[in-house]
1. At 7 Å along the Cα-to-beta-carbon direction for both residue 109 and residue 54, put a label point, then send me their distance in nm to one decimal.
2. Using a Förster distance of 45 angstrom, determine the FRET efficiency expected from the C-beta separation of residue 150 and residue 42, and round it to 0.05.
3. What length, rounded to one decimal in nm, is gained on full extension from residue 63 through to residue 117, with 0.36 nm per residue of separation minus their alpha-carbon distance?
Amino acid sequence: MVGMTGKRTSTAEQAERAEQAERADTRESAPPVPRGFGLTANGYGSLSRQFPSTPRGARLARHSVVRQLGHWGFGPMTDATCAVALVVAELAANAVCHGRLRGRNFHVRVDHEGPASRFRIEVSGAVLGRTPEDPKLPPKDQESGRGLFLVECLASRWGWEPRNPIGKTVWAEVAAVRPNGEG
């Protein structure tokens, strides 16, 4: 038989090509494997996503993290989930307000480190210029400025580091105690 290239192909070659095409079709039709929904056998899990640098993006980040923590066995009203959601909300709001660069998203990563009984939260923005300062309570009549103070209260540790190639990452670690007391 003459193929589209004008070369004569043997029956064995035709059968091999048909088999390869069949395998490719099987791979394409297989349902996608959900990424990051479960914990590994030794208790690790990770969520990593980008969101638009808008107030809506900050809200979506918080909702995505709460949903992921539910997949990991932390209910939406547990202390761990509420603490992580608040830290993500504050860091995402700061990334949107102070780290926004037109056309750039911000990145959220939450790692569950089961053996260490903690979550590590990282929020990365595209602007390095404004770096987080030591949290201080603003005057009582000021409407904003308490975000990092809340992060300081909820996290066992927090900090920031420059991000390569641009921007910065603000991170925090929060205890991951399950409602039944397990780490």
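We did not get these values from a lab; they are worked out from the coordinates using the rules stated. Note that the structure is a prediction, hence the values are computed from the model and not measured. A quick note on method: Cβ atoms are made from the backbone with ideal geometry, for glycine too, and the neighbour counts reach across all protein chains shown.
1. Roughly 2.6 nm, to one decimal.
2. So, using R0 = 45 Å, E works out to roughly 0.90.
3. 17.3 nm
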